[in-house]
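Q: Can you keep this structure in mind? I'll have questions shortly.
The values are calculated or read from the model by the stated rules, or taken from the named source; none is laboratory data. If you're wondering where the values come from, they're calculated on a predicted model, not measured in any experiment. Note that each Cβ is placed from the backbone with ideal geometry, even for glycine, and that neighbours are counted across all protein chains shown. What goes into the accessible areas is simple: the full protein's heavy atoms, side chains included, and nothing from ligands, DNA or RNA. Shrake-Rupley method; radii C 1.70, N 1.55, O 1.52, S 1.80 Å.
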Amino acid sequence: DAIPSADQIRITTSLKSQRGSVWTKNKSIFEYWEVEVTFRVTGRGRIGADGLAIWFTEEQGLEGPVFGAADKWNGVGIFFDSFDNDGKKNNPGVIVVGNNGKLLYDHQNDGSTQALASCQRDFRNKPYPVRVKITYYQKTLTVLINNGFTPDKEDYEFCAKVEEMVLPSHGYFGISAATGGLADDHDVLSFLTFQLTEPGKEVPTPDAEIPQKDKEKYQEEFEHFQQELDKKKEEFQKEHPDVQGQPGKLFEQLFTDDLFETVSDRELRQIFEGQNRIHLEIKQLNRQLDMILDEQRKYVSAVTDEIAKRGAGFPGQQGQVTQQGTETLVKTQEEVIRQISEMRNSMADTLRLITGVQHPGSAAGVYETTQHFNDIKEHLHVVKRDIEHLVQRNTASSEKPKCPDLPPFPSCLSTVHFFIFVVVQTVLFIGYIMYRTQQEAAAKKFF
């Protein structure tokens, strides 16, 4: 049931009980290899079926019950299963299943009893094509996947890995798909195969890979195909004399819909891009707060050690006053650490909120996000108030003995100025994020 076209192959259409597959005509002679596959799985239903499979087998599995290909294969299949047969709610998922040519695939359990490795990924109805990179090198099979949330082609994440896996030295690459009671469109946009060689090992030249007889055979097939194409062109011109000399109009009618982005696609793309930017910016702010928290802990530890070393050197009343002053300083620093921890937790809650519930037209999500930002601002004001109180306490009376000298630090910037700078910078950054969010929300109303 596969339908080829100029820019993709539709392995199965969104009709019930469809099967389709595409296979290489000749066996691969690569000892180690890597394939990069780009595909789309789209459907109108909340649940799709059955799924898509990428194969490397000793023989071509042209048709069969396993995602449109034959069972009892000798090799490996990477299955993108979109239907939950076993009811464990772990689909859509990616499953790696090996076979020696004797095993029957366990459909009822979604292959979980035979899986060598797996990961749970949703690959249906993504704004960008899903990309998969499968590498077999030195008996290790690795699967990386790009979920289709970003146009970056190299944004892969780890999915599965199988070690000590022995595959046939020569085999066919293929891709298949099938539908059942539910149905999806399974489209393959590209299937690239690469040979991997060990460092220092000579790569065989292309002339050495293809024998001369095969070259002549391929050339004859190409010439025969070219002749058939010319004949069909002549027949088409005879049957449609009105479009002679104007082939562009015919292609314009066929492919106009693919050249323009619909309103819904554009709105969906803008939502994903806006959420991705907010997600990255808040993650960066969260990392900066973690760094500040670590520095504060180091500072408190250094002050405590200095008190322990110099506490015995101050006699009588002077040592008691100094001890009280330093203890107050340590308590204030611990309070700063606590406030920063609360800021960090608030940032994490805001990040989860934006990731989970920010959608166009969701008034509750916007209100809760604003509340989180207000809480963060209150925490920042408390930290600023504590710092100002600490400065006034240290400078209120010149008669009080000064705290012992702190250990030398590499920076000439005082701690108070540093925290004031961080507070101001954080407030400005949060205000910028709120401004950007409001601007994007206002812009989406026009689409």
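Here's the yes/no breakdown for (1) within 29 Å of Arg44 (Cβ to Cβ); (2) within 22 Å of the chain's Cα centre (by Cα); (3) small (Gly, Ala, Ser):
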{"site": "Gly93", "(1), (2), (3)": "yes, yes, yes"}
{"site": "Val96", "(1), (2), (3)": "no, yes, no"}
{"site": "Pro127", "(1), (2), (3)": "yes, yes, no"}
{"site": "Asp152", "(1), (2), (3)": "yes, yes, no"}
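Q: Sticking with this structure for a sec: Filter region 100-130 down to residues that are among the basic types (Lys, Arg) and buried (at least 16 other Cβ atoms within 10 Å of the Cβ) and give me whichever is nearest to Leu52 (Cα to Cα).
A: Across region 100-130, the extreme among qualifying residues is Arg124.
Q: Being touching a residue at least 12 places away in the same chain (Cβ under 8 Å), over 23 Å from the mean Cα position of the chain (by Cα), outside any loop (DSSP other than H, G, I, E, B) and in the same structural domain as Arg19 (by the TED database) narrows it down to one of Ser169, Ser176, so name that one.
A: Ser176
Q: I would also like to ask the following. Given the criteria more than 21 Å from Gly148 (Cα to Cα), without any contact (Cβ under 8 Å) to a residue 24 or more places away in the chain and open to solvent by less than 30 Å² (accessible area, probe 1.4 Å), does Val97 qualify?
A: Taking the combined requirement at face value, the residue satisfies it.
Q: With the structure loaded, tell me whether Lys89 is more than 23 Å from Leu144 (Cβ to Cβ), in the same structural domain as Asn146 (by the TED database), among the charged types (D, E, K, R) and free of Cβ contacts under 8 Å to residues at least 60 places away in the same chain or whether it fails that test.
A: When the stated conditions are applied, Lys89 passes them.
Q: Then there's this: Residue under question is Leu192, and the condition is that it be more than 17 Å from Ala69 (Cβ to Cβ), open to solvent by less than 30 Å² (accessible area, probe 1.4 Å) and outside any loop (DSSP other than H, G, I, E, B); does it hold?
A: It is false that Leu192 is more than 17 Å from Ala69 (Cβ to Cβ), open to solvent by less than 30 Å² (accessible area, probe 1.4 Å) and outside any loop (DSSP other than H, G, I, E, B).
Q: Could you tell me whether region 46-53 includes any residue that is surrounded by fewer than 17 Cβ atoms within 10 Å (Cβ to Cβ) and more than 22 Å from Glu163 (Cα to Cα)?
A: Yes, region 46-53 has at least one match.
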